[in-house]
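So the structure is just underneath, and the comments pick up after that.
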Amino acid sequence: MEVVETRLEPGTPAQVRQIIAELRRLYPDARCSLNYSNPLELLVATQLSAQCTDERVNKVTATLFQKYRTVEDYATASQEELEQDIRPTGFYRNKAKNIRAACQRIITEFGGEVPRTMSGLLSLAGVARKTANVVLGNAFGIVEGFVVDTHVGRISRRLGWTTNTDPVKVERELMQIIPQQDWLDLSHLLIFHGRAICEARKPHCEQCTLAPLCPSSPYHQGT
């Protein structure tokens, strides 16, 4: 296993740069794993992804997006019908309720277009900062924050970048130590690494080329 050879304190610019560079080498094709072709589809897919894998969401949206093509389609759908259409993603009652309400608000307040601002997105039912950041960054190329999902939060704590478990606090700390131009890219990279190597219950530290830089790893090269 080829590893990064260095000894750096967690959260320092040098440590952050080396981690980003290594993750880019490992995952050159890292991107948003949700399938979508427009901002509305990404908004819906991201709402469905709560407590559900992207793989399962993509299976559901493959047919869902053929049936529901506009905000009006979701806004006028019956609660019961939409629930059944998204049932495999889990928590389908709340998700259906939020998607319908969000699309109704998009029609009444935003002229039928998914808002392109953080405040606009946060005003929609079921949308918190993670979803807003995903939509802004990937659908519109607007990076105002850092996407913090379970993978990003877990790896950030293991790398010594934060001790917080609150996603909003984690995001705030990451925005302080990560250059803004890397926010969107790094969120994808950390998610890919979390799925491949840095798993929740049993991280594969023996396979991880970031181990020398990671204070949580038994292979960490501490100072």
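The values are calculated or read from the model by the stated rules, or taken from the named source; none is laboratory data. None of these values were measured; they are calculated from a predicted model. Here the Cβ is made from the backbone with ideal geometry for all residues, glycine too, and neighbour counts use every protein chain on show.
Taking the numbered list (1) loosely packed, with under 14 Cβ neighbours inside 10 Å; (2) on the phi > 0 side of the Ramachandran plot in turn, G11 passes all entries but (1).
Being surrounded by 13 or more Cβ atoms within 10 Å (Cβ to Cβ), hydrophobic (A, V, I, L, M, F, W, C) and closer than 17 Å to P13 by Cα is the requirement here; does L210 meet it? Yes. Taken over segment 148-176, the criterion of being within 22 Å of A45 (Cβ to Cβ) and assigned to a loop (DSSP other than H, G, I, E, B) is satisfied by V148, D149. Would segment 73-88 turn up any residue that is over 24 Å from G145 (Cβ atoms), among the β-branched types (V, I, T), within 23 Å of the chain's Cα centre (by Cα) and not assigned by the TED database to the domain that holds R195? Yes, some residue in segment 73-88 is over 24 Å from G145 (Cβ atoms), among the β-branched types (V, I, T), within 23 Å of the chain's Cα centre (by Cα) and not assigned by the TED database to the domain that holds R195. Here the condition is being of a type outside the set (V, I, T), surrounded by fewer than 17 Cβ atoms within 10 Å (Cβ to Cβ) and not assigned by the TED database to the domain that holds L136; of R25, R69, it holds for R25 alone.
Where helices (runs of 4 or more DSSP H) sit wholly within segment 1-109, those with at least 3 residues that are modelled with pLDDT of 95 or more and under 30 Å from Q176 (Cβ atoms) occupy 13-26, 39-48. Scan segment 177-195 residue by residue and report those that are more than 10 Å from the chain's Cα centre (by Cα) and assigned to a helix (DSSP H, G or I). Result: I177, Q180, Q181, D182, W183, D185, L186, L189, F192, H193, G194, R195. For segment 26-69, a residue qualifies if it is under 21 Å from I107 (Cβ atoms) and touching a residue at least 40 places away in the same chain (Cβ under 8 Å), and the qualifying residues are Y36, N38, P39, L40, L42, L43, V44, T46, Q47, L48. Is it true that G145 is at positive phi and either assigned to a loop (DSSP other than H, G, I, E, B) or crowded, with 17+ Cβ neighbours inside 10 Å (or both)? It is false that G145 is at positive phi and either assigned to a loop (DSSP other than H, G, I, E, B) or crowded, with 17+ Cβ neighbours inside 10 Å (or both).
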